[in-house]
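Asker: So that we are looking at the same thing, I have put the structure below in structure tokens.
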Amino acid sequence: MATGKRFRSGWVIVLSLGMMGAVQAADRPTPSADRGRHLLQTRAFNPPIWPKQIYENVWKSWGEPERPADFEQQFMERYGLHPSPFDNKGYPLGLREARSLLGVGVTTDCMICHGGSIFGQSYIGLGNASLDLQLLYEDMAHVMGRHRATPFPFTNVRGTTEAGAMAVFLFQLRDADLKLRPMIDLGLRADLCEDAPAWWLLKKKRTMYYTGSTNARSVRSIMQFMLTPLNSAEDVKKQEPAFADIQAFILSLEPPKYPLPIDRDLAQRGEKLFAKHCASCHGTYGENPTYPNKIIDLDLIGTDPTRAEGFTLEAKNHYDNSWFGQEVDAEGRRMETYAHRGYQAPPLDGVWATAPYLHNGSVPTLYHLLNSASRPRIFTRSYRTGIEDYDAKLVGWKVQVLDAPPPESAPPAQRRRVYDTTQPGRGNQGHTFGDKLSDEERFALIEYLKTL
Ligand code: HEC
Ligand code: HEC
């Protein structure tokens, strides 16, 4: 796998080519959050990936002599999926039926990565921190009698995905007008280990994605997963109004409230510490909140650089030159994209529910985030999301620390259950802003973070 050229430090590309390819936004109905919710809950935007029979028979890859009575439950546990909070025809959140000329099949939707659960409640927009997408594809391929499940690893470690690589791969197959073409090399690399961000944060952001690379009001950008080769260029483009509705729905989401008791006095002390040590990057909360939308250079933030350096200039240029790059904002100006060598300091609303932390999910709790020396190096967890799996003191997921990763000979799915921070893209270094605090101060800060 080529790694390609990297962006040079501090290189910012601002595209302002005016009205080129402008779409008449005025012709469009006002986006509707209700319609967006309905579309997400009912519409398959992609054709079937697997025939329905394969889904029904996937237990044959589990070493079971017959279909387990609790097939649905085992299915969710094995792949890290969550019960659907709406009527989803018996499928877990993230899967749905789709039709093609060949019949009815099963496909994935946005919520396979952007649907999660905590304390027995599922939420659209909570990042899925349990998913092993690779195992799902491998088991389905096994039952279909195929050797190769995916063109590159979709998951290197459970709870993260190679979502960025998937987007680059799909663009490699498309020309600027989104027509299919023989694959070109845009420097695909699949070691970014990304933790899906919570959707309810988008409304505060001016730029989105971990590096702040894209205008946060871009509709086209969230259509990248429609580029599977079975969708034509027209299939993709004509869904833009539907995705405007989906974006309106995403912008309407609110974070869930911390459901356990909060020590208000301690939280108040934490609020003062937050104002002093954290607010300059993460903003202020409560009435009249502010959000500075800062992108922090790698040299200062010091977290794993792989994601920030992981997209090539070729990939960015191809995106900018394609239909995706021709989108205009409400004033008719072409939406900019940026090549920042750093990470955006995210808003922290609902942060109690979004462990693990950092863009690569390398830090299991808020305490570990605020005390970098204490961060576990190699660890595993249940990948369940019940109250018994939650560390209410450190705030995040309970982990079991290991001395060493499983041997190379262990089954891949077992190896993916272990987060090894010594591996590429998985470093847990950096963000040392809590290191000089005392534990007393850290727990006050954590108490405050529960209120956001
Ligand atoms: C394979 C997993 C996966 C799927 C499927 C997926 N996403 Fe994402 N999404 C991610 C990851 C990971 C990120 C962070 C990417 C980055 O910054 O590099 C992300 C980022 C986003 C963001 C930006 C959030 C922010 O605050 O920066 C939006 C909006 C979004 N996705 C919407 C969607 C929509 C809509 C769909 C369905 C069409 C979708 N995603 C499908 C994994 C996924
Ligand atoms: C200089 C700017 C800066 C300061 C100061 C700062 N942060 Fe951050 N913070 C960031 C950036 C940038 C990220 C994202 C880094 C990454 O994902 O690699 C981040 C990530 C986080 C996250 C993880 C969010 C998630 O969902 O993964 C938390 C929690 C957090 N910061 C809390 C704090 C607290 C509490 C303080 C004060 C002690 C603080 N930060 C101070 C810039 C800052």
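Asker: So ASN88 passes all but one of these: (1) out of contact with any Gly (no Cβ under 6 Å at 6 or more places or on another chain); (2) away from ligand 1 (no atom under 16 Å from the Cβ). Which condition number does it fail?
Answerer: With respect to (1) out of contact with any Gly (no Cβ under 6 Å at 6 or more places or on another chain); (2) away from ligand 1 (no atom under 16 Å from the Cβ), ASN88 is out only on (2).
Asker: Does LEU180 count as modelled with pLDDT of 95 or more, open to solvent by less than 40 Å² (accessible area, probe 1.4 Å) and not polar (S, T, N, Q)?
Answerer: no
Asker: Out of the residues in the stretch 186-217 that are hydroxyl-bearing (Ser, Thr, Tyr) and more than 13 Å from ligand 2 (Cβ to nearest atom), state the one that is farthest from LEU251 (Cα to Cα).
Answerer: Within the stretch 186-217, the subset hydroxyl-bearing (Ser, Thr, Tyr) is 207, 209-211, 213-214.
From what is left, the residues that are more than 13 Å from ligand 2 (Cβ to nearest atom) are 213-214.
Details: SER213: 18, THR214: 16 Å.
My answer is SER213.
Asker: How many of the residues making up the stretch 98-111 are part of a helix (DSSP H, G or I) and either open to solvent by 10 Å² or more (accessible area, probe 1.4 Å) or among the polar types (S, T, N, Q) (or both)? Explain how you work it out, then say what you get.
Answerer: First pass over the stretch 98-111, keeping only residues part of a helix (DSSP H, G or I): 111.
Within this subset, residues satisfying the condition of being either open to solvent by 10 Å² or more (accessible area, probe 1.4 Å) or among the polar types (S, T, N, Q) (or both) are none.
Within the stretch 98-111, residues that are part of a helix (DSSP H, G or I) and either open to solvent by 10 Å² or more (accessible area, probe 1.4 Å) or among the polar types (S, T, N, Q) (or both) number 0.
Asker: Please enumerate the residues belonging to the stretch 415-436 that are open to solvent by less than 20 Å² (accessible area, probe 1.4 Å) and closer than 27 Å to LEU260 by Cα.
Answerer: Listed by number, the list holds a single entry, GLY434.
Condition check ((1) within 16 Å of ligand 2 (Cβ to nearest atom); (2) in a helix (DSSP H, G or I); (3) crowded, with 18+ Cβ neighbours inside 10 Å) across all residues:
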residue	(1), (2), (3)
SER61	no, yes, no
ALA69	no, no, no
ARG96	no, no, yes
TYR123	yes, no, yes
ASP139	no, yes, yes
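Asker: For residues in the stretch 270-315 being without any contact (Cβ under 8 Å) to a residue 12 or more places away in the chain and among the aliphatic types (A, V, I, L, M), which is nearest to ligand 2 (Cβ to nearest atom)?
Answerer: That would be ALA279.
Asker: Checking LYS294 against (1) touching a helix residue (DSSP H, G or I) at 6+ places or on another chain (Cβ under 9 Å); (2) over 27 Å from GLN224 (Cβ atoms); (3) open to solvent by 60 Å² or more (accessible area, probe 1.4 Å), which test does it fail?
Answerer: Exception for LYS294: condition (2).
Asker: What are the pairs with Cβ atoms under 6 angstrom where one residue, in the stretch 349-362, is in contact (Cβ under 8 Å) with a residue 12 or more places away in the chain and under 20 Å from ALA163 (Cβ atoms) and the other, located anywhere, is within 8 Å of ligand 2 (Cβ to nearest atom) and in a loop (DSSP other than H, G, I, E, B)? Sequence gap at least six, or different chains.
Answerer: From the stretch 349-362, the pairs are THR354/ALA198; LEU358/THR303; HIS359/TYR210; ASN360/ASP304; GLY361/ASP195.
Asker: On to the next question. Quick check on the stretch 234-261: of everything there that is of a type in the set (S, T, N, Q) and open to solvent by less than 40 Å² (accessible area, probe 1.4 Å), which residue is farthest from LEU126 (Cα to Cα)? Spell out the reasoning first.
Answerer: Just the residues of the stretch 234-261 that are of a type in the set (S, T, N, Q), to begin with: 239, 247, 252.
When the remaining residues are screened for being open to solvent by less than 40 Å² (accessible area, probe 1.4 Å), the result is 239, 247.
Numbers: GLN239: 24, GLN247: 15 Å.
Restricting to residues being of a type in the set (S, T, N, Q) and open to solvent by less than 40 Å² (accessible area, probe 1.4 Å), the top hit is GLN239.
Residue by residue, here is whether (1) surrounded by fewer than 20 Cβ atoms within 10 Å (Cβ to Cβ); (2) within 9 Å of ligand 1 (Cβ to nearest atom) holds:
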site	(1), (2)
HIS147	yes, no
THR161	no, yes
SER221	no, yes
PHE225	yes, yes
SER232	yes, no
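The values are calculated or read from the model by the stated rules, or taken from the named source; none is laboratory data. Here the structure is a predicted model, which means the values were calculated and not measured. FYI the Cβ positions are ideal-geometry reconstructions off the backbone, even for glycines, and counts take in every protein chain you see. Calculation scope for accessible area: heavy atoms of the full protein, side chains included, ligands and nucleic acids excluded. Shrake-Rupley method; radii C 1.70, N 1.55, O 1.52, S 1.80 Å.
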